[in-house]
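The values are calculated or read from the model by the stated rules, or taken from the named source; none is laboratory data. All values reported here derive from a predicted model rather than from experimental measurement. Heads up, the Cβs are rebuilt from the backbone with ideal geometry, glycines too, and the neighbour counts pull from every protein chain shown.
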């Protein structure tokens with residue numbers, strides 16, 4: 001067991017002649033205790049409550065501010081120490097002796113080797129005395145300071161790195177915004193290009209109902225010219241206050257015109273003409289609304305949409321491109337609303353349907369199916385067209401790559417479609433073989449709001 005304060009006290013209290021090996025030199029156990037104490041790198045003092053040094057053990061004389069011989073019997077106030085340090089030592093000394101506490105404190109002191117840091121521990125060893133163990137902790141303090149300096153340096157480096165990251169993040173955000181703007185412009189440009197390709201078909205789609213609406217309006221105008229004289233006779237008849245002979249004459253005139261102009265047939269034909277004109281006008285209205293939906297600017301925020309309805313709207317838009325070359329088979333399953341950019345997805349459907357129609361050389365079939373499977377919506381668009389080689393399939397989504405004549409495509413449709421599906425965190429896949437048609441599969445996850 002290590003020696004207690006009482007063990008140290010006993011050999012220190014007896015008067016003995018000076019010994020070159022130190023004041024604790026004894027024989028037997030005392031010698032071993034002295035060797036142990038001398039091996040410690042500490043200054044060990046026994047002090048009375050008033051600060052008088054009663055005994056000491058010093059392993060390094062250069063730690064003392066006075067000679068070793070002059071310290072025994074001297075008071076701490078006689079050693080030329082700074083007054084604040086003396087007051088601090090005496091305060092802890094009195095507390096350790098009077099209250100029995102172990103007092104631990106640190107201080108700095110200028111000695112022969114320069115400024116040193118010390119840790120002092122004071123333990124009561126008698127009614128009015130205590131053992132003070134003082135250790136030089138300068139190296140520890142210097143190590144702690146080096147750690148603090150290194151920590152400060154690390155903090156400075158961290159702040160510098162965070163500043164660099166912040167600057168690069170800002171640049172990345174700016175670049176991302178610029179890229180998104182360019183992508184939006186590219187999507188809009190491709191949309192306008194699609195409209196350009198469909199313009200002739202759309203014009204034809206509108207011209208048909210316009211033609212028979214105009215034709216019906218012409219016939220109705222002629223019928224109105226026939227009916228107007230009879231309506232005027234009716235007006236005269238209603239306003240007539242004359243004798244019955246005059247009224248009978250008006251009725252005879254009306255009868256003659258009714259029979260001469262075949263008014264009965266006109267009246268039977270007019271409802272049909274009006275109904276046809278209404279159907280044509282509604283068809284024109286439907287085409288215009290579909291055009292407006294397709295050409296509208298996409299909102300920045302996604303919105304809930306029914307993909308089955310979007311596909312129906314797209315089919316109306318491209319119908320003139322399809323109806324002469326293929327039959328369209330729909331297999332729409334029930335779908336939950338999808339949070340998306342509907343105009344962008346409508347553009348993807350438009351590209352795929354036009355491509356499918358252009359791949360059919362004479363007459364074929366386009367099949368469209370939708371399903372809700374495994375937390376995602378799946379849209380498949382298949383055609384019985386000429387298909388494609390593995391080399392073409394490998395480059396299919398490359399910007400500006402196209403196998404069509406220059407007037408039929410820009411080579412951006414499928415590239416833009418791929419980007420749109422990717423921005424919805426979805427996937428687009430293609431299966432095709434030469435002479436066996438093509439199937440595009442789109443998978444869109446149902447993202448949480």
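Within segment 358-369, being crowded, with 22+ Cβ neighbours inside 10 Å and modelled with pLDDT of 90 or more holds for 366, 368. Report whether or not residue 170 is within 30 Å of residue 348 (Cβ to Cβ), under 16 Å from the mean Cα position of the chain (by Cα), surrounded by 10 or more Cβ atoms within 10 Å (Cβ to Cβ) and outside the structural domain of residue 344 (by TED's automatic domain parsing). Spelling it out, it is not the case that residue 170 is within 30 Å of residue 348 (Cβ to Cβ), under 16 Å from the mean Cα position of the chain (by Cα), surrounded by 10 or more Cβ atoms within 10 Å (Cβ to Cβ) and outside the structural domain of residue 344 (by TED's automatic domain parsing). If you go through segment 344-377 and keep only what is assigned to a strand (DSSP E or B) and without any contact (Cβ under 8 Å) to a residue 12 or more places away in the chain, you end up with just 373. Across segment 396-449, the qualifying residues are those that are modelled with pLDDT under 80 and in a helix (DSSP H, G or I), and the one among them that is nearest to the chain's Cα centre (by Cα) is 413. Restricting 246, 189, 200, 184 to those that are part of a helix (DSSP H, G or I), surrounded by 14 or more Cβ atoms within 10 Å (Cβ to Cβ) and modelled with pLDDT under 75 reduces the list to 184.
If residue 304 meets every condition in (1) modelled with pLDDT of 75 or more; (2) in contact with a helix residue (DSSP H, G or I) (Cβ under 7 Å, 6 or more places away or on another chain); (3) more than 26 Å from residue 209 (Cβ to Cβ) apart from one, which number is that one? Residue 304 satisfies every listed condition except (2).
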